[in-house]
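Remarks on the structure that follows.
The values are calculated or read from the model by the stated rules, or taken from the named source; none is laboratory data. Everything quoted here is computed from the prediction, not taken from an experiment. So basically every Cβ, Gly included, is an ideal-geometry build from the backbone, and we count neighbours across all protein chains shown. What goes into the accessible areas is simple: the full protein's heavy atoms, side chains included, and nothing from ligands, DNA or RNA. Shrake-Rupley method; radii C 1.70, N 1.55, O 1.52, S 1.80 Å.
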Amino acid sequence: MEELKKAPVTVLLILANILVFTVVEFTGGSEDTMHMLQCGAAYTPAIMQGEYYRIFTSMFLHFGPQHLGNNMLVLFVLGGRLERTVGKLKYLLIYLLGGMGGNLLCLFLELDSADFAVSAGASGAIFGLTGSMLCLAIINHGRVGNVTKQGMFVMILISLYTGFTSGGVDNFAHIGGLLTGILVTALLCRKRNLKS
């Protein structure tokens with residue numbers, strides 16, 4: 001319970017994702033693609049027609065309880081640690097910009113390929129947090145608390161491998177979130193002794 005008090009933004013993000021999932025589930029179903037589209041999932045043709053809000057809203061939507069559960073578990077474990085390390089505001093910026101950065105990379109790649117899909121989920125934002133932890137470990141002499149840059153590299157490689165070998169995963173949202181998290185953290189955080 002004490003750990004939760006130290007990470008209020010992470011708790012609020014998890015609650016927001018659960019609340020949105022519950023509303024979507026009871027108003028038409030989280031695994032109904034058309035309903036998810038109506039609720040704000042990302043879809044490149046709709047975004048290009050002016051529905052730019054989808055770049056943001058899709059981060060809080062999930063296709064089914066397993067999708068939600070997996071993302072919230074990682075957010076709980078990784079997010080709380082990062083929030084305590086960088087502070088609430090920087091943490092929230094990294095999360096939101098990571099998610100939107102992932103969605104924007106997907107948008108640009110889909111415009112090039114014309115292979116459009118309805119997508120949603122917090123994983124781009126979560127990969128933003130992962131990229132942030134990697135960046136912090138690098139600028140802090142190889143570790144943040146008990147997290148090492150080698151450990152973060154392994155976690156990232158396993159996560160990306162799992163995504164690319166699974167069906168229905170928006171891998172470029174993961175990569176875009178990861179790169180955005182690294183960039184935003186490099187801009188926001190100066191070299192210092194970080195604690196978790």
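What figure, in Å² to the nearest 10, do you get for the accessible area of D112 with a 1.4 Å probe and non-protein molecules left out?
Here the accessible area works out near 130 Å².
Let me have the 222 nm mean residue ellipticity of the chain computed from DSSP H runs of 4+ only, each contributing -39500 (n - 2.57), with the sum over all residues rounded to the nearest 500. Intermediate values should be presented prior to the final figure.
Values: 11 runs with 135 residues, N = 196.
Helix contribution divided over all residues of the chain: -21500 deg cm²/dmol.
Put one equal scatterer on each alpha carbon of region 37-196, apply the Debye formula with no solvent term, and list log10 I(q)/I(0) at q = 0.11, 0.15, 0.19 1/Å to two decimals.
Log10 of I(q)/I(0), two decimals: -0.41, -0.75, -1.13.
Can you send over the solvent-accessible area of Y52, 1.4 Å probe, protein chains only, in Å² to the nearest 10?
Its heavy atoms expose roughly 140 Å² to the probe.
What ³J(HN,Hα) values, in whole Hz, does the Karplus curve 6.51 cos²θ - 1.76 cosθ + 1.60 give for region 99-108 when θ = phi - 60°, with x put for Gly and Pro?
Once rounded to whole Hz, the list reads x, 6, x, x, 5, 5, 4, 4, 4, 5.
Could you check the spin-label model distance between Y52 and T27? Points 7 Å from the Cα along Cα→Cβ, value in nm.
Taking the simple label geometry, Y52 and T27 are separated by 2.3 nm.
With unit charges on the beta carbons (Lys and Arg positive, Asp and Glu negative) and the dipole taken about the Cα centre of the chain, which residue among H35, L15, L82 sits farthest to the positive side?
L82
At 1.4 Å probe size, with no ligands or nucleic acids counted, give the accessible surface of T33 in Å², nearest ten.
Only protein atoms counted, so the area is about 70 Å².
Restricting to lysines 8 or more places apart or on different chains, can you count the pairs in the chain with Cα atoms under 22 Å from each other?
Count of close lysine pairs: 13.
Probe of 1.4 angstrom, ligands and nucleic acids ignored: what's the accessible area per residue over region 30-149, in square angstrom?
Here the residues of region 30-149 average 43 Å² of exposed surface.
By its C-alpha gyration tensor, with a ≥ b ≥ c as the square roots of the eigenvalues, how is region 1-116 shaped: rounded for a/c under 1.5, else prolate for a/b larger than b/c, else oblate? List each step's numbers first, then the result.
Working: a/c = 2.53, a/b = 1.48, b/c = 1.70.
Oblate is the answer for region 1-116, as a/c is 1.5 or above yet b/c matches or exceeds a/b.
Given a 1.4 Å probe and every protein chain left where it sits, what share in percent of the accessible area of the chain is carbon and sulfur? Could the numbers behind the result be given before it?
Working: 6630 of 10020 Å².
Here it works out to 66 percent.
Ordered by residue, what ³J(HN,Hα) values in Hz, to whole numbers, does region 62-74 give under the Karplus form 6.51 cos²θ - 1.76 cosθ + 1.60, where θ = phi - 60° and Gly and Pro are x?
Once θ is set to phi - 60°, the couplings for region 62-74 become 9, 8, x, x, 5, 4, 4, x, 4, 5, 6, 5, 5 Hz.
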